[in-house]
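Okay, so here's the structure we're looking at.
The values are calculated or read from the model by the stated rules, or taken from the named source; none is laboratory data. Keep in mind that what you see is a predicted model, and the values were worked out from it rather than measured. No Cβ is skipped: glycine too gets one built from the backbone with ideal geometry, and neighbour counts run over all protein chains shown.
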Amino acid sequence: MEDCIGCRLANEKEKVFIIYENDHVSCFLDHVPHHPGHTLILPKRHKVEVTELNEEESLSVMKSSQLVAQAIQALYEPYGITVCQNGGIYNELTHYHMHVIPRNEEPERFGDLFYGEADVETYSESLEETQKKMKNYIRRLLE
């Protein structure tokens with residue numbers, strides 16, 4: 001859909017920092033990451049809810065989330081990784097997407113991310129640098 005921001009992002013009609021893609025999904029860095037490596041996974045075809053994904057898209061989303069999580073764990077050694085998606089009125093892109101988010105806050109602050117209270121830190125690493133590191137790591141995983 002031409003007017004869908006998610007479709008434009010997933011199909012690189014907007015500037016994104018792709019770290020992995022296949023025929024079904026695009027994985028790119030969040031433009032305002034909570035921590036370096038924060039990635040979004042979107043199907044390339046317009047889908048709004050998880051229930052609309054076909055089997056190939058579903059498998060691609062999950063396999064991609066594993067690759068991204070492996071790269072994040074190896075490169076950034078976070079306390080943990082949150083993999084989640086928001087549907088219905090909480091889907092701000094109106095296009096299905098999954099977040100893979102490295103987490104470095106204290107356990108009692110875990111819920112802050114979901115309530116809009118999480119700190120968005122500034123990092124010395126640019127999105128371009130994060131993209132290069134993660135893309136190279138994922139490429140090596142797939143060899």
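Of note:
- Any pair with Cβ under 9 angstrom, 6 or more apart, that starts in the stretch 13-36 at a residue that is of a type in the set (Gly, Ala, Ser) and ends at one that is part of a loop (DSSP other than H, G, I, E, B): Ser26/Asn11; Ser26/Glu12; Ser26/Val16; Ser26/Lys44
- Sub-7 Å Cβ pairs linking a first residue in the stretch 39-57 that is touching a residue at least 60 places away in the same chain (Cβ under 8 Å) to a second residue that is β-branched (Val, Ile, Thr), at least 6 apart or interchain, are Thr39/Ile19; Thr39/Val68; Thr39/Val100, ordered by first then second residue.
- Looking only at the stretch 84-97, and only at residues there that are hydrophobic (A, V, I, L, M, F, W, C) and under 17 Å from Phe28 (Cβ atoms), the one that is surrounded by the fewest Cβ atoms within 10 Å (Cβ to Cβ): Cys84
- Within the stretch 31-64, the residues that satisfy the criterion of being surrounded by fewer than 21 Cβ atoms within 10 Å (Cβ to Cβ), within 13 Å of the chain's Cα centre (by Cα) and at pLDDT 95 or above are Met62, Lys63.
- Single residue of Ile138, Ile81, Ile101, Ile72 found to be touching a helix residue (DSSP H, G or I) at 6+ places or on another chain (Cβ under 6 Å), closer than 18 Å to Phe17 by Cα and either surrounded by 13 or more Cβ atoms within 10 Å (Cβ to Cβ) or modelled with pLDDT of 95 or more (or both): Ile138
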